[in-house]
Amino acid sequence: MSRFALFLVLLVQSLLAASATAHEMRPAYLEMQETRADEFSILWKVPARGDLRLGIYVRLPKTCVPNAEPLRSIEANAYTERWVTVCKGGLKGAAIGVDGLASTMTDALARIQYQDGSIEVSRLTPDAADFVVAGAQSTMEVAWTYFLLGVDHILSGLDHLLFVFVLILLIPNPWMLAKTITAFTVAHSITLAGASLGYFSLPQRPVEAVIALSIAFVARELIKQRPGERRLSESYPWVVAFAFGLLHGFGFAGALKETGLPQSDVPIALLTFNFGVEMGQLLFVTAVLACIWAVKKRVSVNATPAKLFAGFAIGTMSMVWLIERLSSFTSGP
């Protein structure tokens, strides 16, 4: 096996290893809406699977005293708590955090809406599980938070990245690859926008299952690739990418909606989240192409064995995902 083939094998192994410890795709969500002076209606939403919830807990300032015990429920793969609290002196300058976040690989999005209509949005991560309330934010600051959420979502979404990775291996022509990635981008932008704005929707679980099937399809095309033969995925790869991109867009929309995003935030969140997704995808494609180019410059190329390995390994992983996602249909609401 050539060094280039070995490089591809190691790259695929790295991606598959990362998928085993992949980031929980849905962030936790904290919404605080000021209903009267210093009084806040609170929604705390945590990812759950069946009756099991993620072990993270919101920590409000000590000046915040709840009026009653929270109302708790588990539905749509999320554990929720709702309650009303009074925060004497308001929230400005106080710290809000999420306990237990540091021991997970998920994020939390906190959104505060004040009585005067101003909004503050903060993203909490395992490395920065607290933030100090500013009292209000500019539109650019809110947009930046959603942009980072989009970048993080695509770079931690191994299923989406593996689909793009197989396209890179499948299409040797740079111009055709550029058209194909563009078609994929346009397609998932269309359904991300339409689903987020409420024009159309699909159930999230079947969408995630079909996304796994889309990866299996392109992996199979990679395995069946033969010199002199032109399969559909080689003759018109942009058509295949566009068709499956529509489904991937529903997956992105589901991730955005599962933050519990209020309708008033949809336009700015949609735009900047999508920019973040595109930037993350561009970073990934650039990094993979740069690595392949660097290796090709140094060694002779015989990539066929590595492409076969990639096709079988990624196809197998996608079928494992498919089985897991199909089994979730009967694992609860």
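For region 1-52: of the residues being polar (S, T, N, Q) and either at pLDDT 90 or above or in a strand (DSSP E or B) (or both), which is surrounded by the fewest Cβ atoms within 10 Å (Cβ to Cβ)? Spell out how you get there, then give the answer.
Initially, region 1-52 is screened for residues polar (S, T, N, Q), giving 2, 13-14, 19, 21, 33, 35, 41.
Pick out the ones that are also either at pLDDT 90 or above or in a strand (DSSP E or B) (or both) and you get 33, 35, 41.
On the way: Gln33: 17, Thr35: 10, Ser41: 15.
So, considering only residues that are polar (S, T, N, Q) and either at pLDDT 90 or above or in a strand (DSSP E or B) (or both), the one surrounded by the fewest Cβ atoms within 10 Å (Cβ to Cβ) is Thr35.
Restricting attention to region 54-76, report how many residues are part of a loop (DSSP other than H, G, I, E, B) and within 15 Å of Ile96 (Cβ to Cβ).
5
For every residue, the table says whether it meets (1) assigned by TED's automatic domain parsing to the domain that holds Leu322; (2) under 16 Å from the mean Cα position of the chain (by Cα); (3) of a type in the set (D, E, K, R).
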residue: Thr145; (1), (2), (3): no, yes, no
residue: Ile168; (1), (2), (3): yes, no, no
residue: Thr185; (1), (2), (3): yes, yes, no
residue: Thr191; (1), (2), (3): yes, yes, no
residue: Ser196; (1), (2), (3): yes, yes, no
residue: Arg205; (1), (2), (3): yes, yes, yes
residue: Ile211; (1), (2), (3): yes, yes, no
residue: Ala216; (1), (2), (3): yes, no, no
residue: Arg226; (1), (2), (3): yes, no, yes
Review point. Looking at region 75-84, is at least one residue loosely packed, with under 13 Cβ neighbours inside 10 Å and basic (Lys, Arg)?
Key: no
Review point. Restricting attention to region 270-306, and to residues there that are touching a helix residue (DSSP H, G or I) at 6+ places or on another chain (Cβ under 7 Å) and modelled with pLDDT under 80, which single residue is surrounded by the most Cβ atoms within 10 Å (Cβ to Cβ)?
Key: Ala306
Check your understanding: Can you tell me which residues in region 95-132 are farther than 13 Å from Pro27 by Cα and of a type in the set (S, T, N, Q)?
Key -> Ser103, Gln113, Gln115, Ser118
Practice item. Sort out which residues of region 135-173 are under 30 Å from Tyr236 (Cβ atoms) and of a type in the set (Gly, Ala, Ser), and write them in order of number. Key: Gly150, Gly157
Review point. So, in region 162-216, of the ones that are outside any helix (DSSP H, G or I) and among the polar types (S, T, N, Q), which residue ends up nearest to Leu326 (Cα to Cα)?
Key: Ser201
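The values are calculated or read from the model by the stated rules, or taken from the named source; none is laboratory data. Note that the structure is predicted; figures quoted are calculated from it, not measured. Counting neighbours? That spans all protein chains shown, and the Cβs are built from the backbone with ideal geometry, glycine included.
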